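Visitor: Once you've had a glance at the structure underneath, I'll fire off some questions.
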Amino acid sequence: MLTTPAARPFPAPRLRTGWRAIQAGPVDGVPMRLFTVILLPLLILAAILAGVWLGGETLAARELARLSQAGLGFSATSITPLRDPSRIGVHLTGAGLTGTAGQLHLAEADLSVKPLSPTVLRLDLPASAKVDLGAGPQDLGLSDPRASLRLLPLSGLVPGRLGVSSGPMTLDGTPLAEKLVLNAQLAPLGHDAPPASVSAYDINLSLQGLSPQALPELAGAAEALNVSGTLALIGQGRLWLDAAPTPMVLAGGHLRPSGLRIDGAELQFGPLTARVVGMLRPDAQGRAEGALAIYTADAGPVLDAAAGAGMLPGSAVKLAGTMLRSLSAMPMPGEADGDDPAKPRSINWPAPTAGQLRLPILFADGRMSFGPIPLGPAPAFPAPIAGAQP
């Protein structure tokens, strides 16, 4: 049995609410909080451990205990070899994960690979856990949670594919969401990759039946919108990283997003719908640079509700409400270049369909604006994905 010392915080993306949530950009937010707290640290630990599986379960357990001392925000009461002929791995009891997004405590969890598929790591999680998202410990219920990671041995054990899913989830006994599915696939950099990019992943996310009653931020938005029902989010995009996420890089803590392209994020909240398309990357000062376009036929009600919920400055919403059609007609960055081959577009901006408006959110020179209407400082681009906090 191996006992680990107290954990240091695992650096998950910082989460904000209200107007600060809008400033934080599209990567952070309530829908991603549980993934950040629960599964991202475990997936990173699994990727780091991949390099030691061939040494056997005892070595893997020792390596995990050693890594827990390196500031990965992980602790466990015990780490023991599985001793299961059908798989190679370790069993954790009293596992704790701590990060800026919150804390998670698991009574037990397994990390393992099959002998005939040594490059596919599987995470087996319990049906219940304790989670603290900033408002105190809560009981989290999971149904058939699954997470797996396929590694590429000839590329330094870079993850080639990642999959995360869960059935119905509850928070303190209240229905939280009906289904979560997230998949990431290693992808080519592409002509539109930000300059600092070394690797890229295509992301597909589906979150169904998210209940506003379980989360105060969503409950406030639902009240302001005067809508009932659940929230659904389906999105596709590409995430660029400034390094290849090998076990060595993850253990060293040097991995940051270098860009995010949202090919389409469809959001439905009760009867209201919206679609987000855009691309962001860090500028020289580390603030978001780029643009987002929000397509919706419910622009007026959504903006009024956003102001009422404190998600947007009331003065900006009032001004925007008088010029929605003018804002929608504004060209998005790169559109004026047309199909000039000398100026390839980083993203194709669809024209709004009949009845829709296209609302531009711009990030430039350290500032954020709603078309020409200033909104305040641009948010910092997402925090490091791995590594110890300062």
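Visitor: Restricting to region 273-316, name every residue that is at pLDDT below 85 and either β-branched (Val, Ile, Thr) or not in a helix (DSSP H, G or I) (or both).
Guide: VAL302, ALA309, GLY310, MET311, LEU312, PRO313
Visitor: Another question about this same structure. Please go through region 183-198 and give me each residue that is hydrophobic (A, V, I, L, M, F, W, C), under 19 Å from HIS254 (Cα atoms) and in contact with a Pro (Cβ under 9 Å, 6 or more places away or on another chain), ordered by number.
Guide: Across region 183-198, the qualifying residues are LEU186, ALA196.
Visitor: Scan region 194-216 and give yes if some residue there is modelled with pLDDT under 95, out of contact with any Phe, Trp or Tyr (no Cβ under 9 Å at 6 or more places or on another chain) and farther than 28 Å from ALA127 by Cβ, otherwise no.
Guide: yes
Visitor: Could I ask something else about it? Do you know which of the residues in region 361-390 that are closer than 18 Å to VAL249 by Cβ, touching a strand residue (DSSP E or B) at 6+ places or on another chain (Cβ under 8 Å) and not aliphatic (A, V, I, L, M) is modelled with the highest pLDDT?
Guide: Going through the qualifying residues, I end up with PRO382.
Visitor: Moving to a separate point now. Which pairs turn up if I take residues in region 221-238 that are free of Cβ contacts under 8 Å to residues at least 60 places away in the same chain and look for partners that are surrounded by fewer than 19 Cβ atoms within 10 Å (Cβ to Cβ) and part of a loop (DSSP other than H, G, I, E, B) with beta carbon separation below 6 Å, at least 6 apart in sequence or on another chain?
Guide: VAL227/GLY270; SER228/GLY270; GLY229/GLY270
Visitor: Restricting attention to region 54-72, and to residues there that are over 14 Å from LEU92 (Cβ atoms) and outside any helix (DSSP H, G or I), which single residue is modelled with the highest pLDDT?
Guide: Among those that are over 14 Å from LEU92 (Cβ atoms) and outside any helix (DSSP H, G or I), it is GLY56.
Visitor: So, one more: Going residue by residue through region 105-116, is there one that turns out to be farther than 27 Å from LEU176 by Cα, among the aliphatic types (A, V, I, L, M) and touching a Pro at 6+ places or on another chain (Cβ under 7 Å)?
Guide: No, region 105-116 contains no residue that is farther than 27 Å from LEU176 by Cα, among the aliphatic types (A, V, I, L, M) and touching a Pro at 6+ places or on another chain (Cβ under 7 Å).
Visitor: For PRO245, which of the numbered conditions (1) of a type outside the set (Lys, Arg); (2) in a helix (DSSP H, G or I); (3) in contact with a strand residue (DSSP E or B) (Cβ under 7 Å, 6 or more places away or on another chain) fails to hold?
Guide: With (1) of a type outside the set (Lys, Arg); (2) in a helix (DSSP H, G or I); (3) in contact with a strand residue (DSSP E or B) (Cβ under 7 Å, 6 or more places away or on another chain) applied to PRO245, the lone miss is (2).
The values are calculated or read from the model by the stated rules, or taken from the named source; none is laboratory data. Bear in mind that the values here come from a model prediction, so they are computed numbers and not experimental data. Neighbour counts are summed over all protein chains in view; Cβ atoms, including those assigned to glycine, are modelled from backbone coordinates with ideal geometry.
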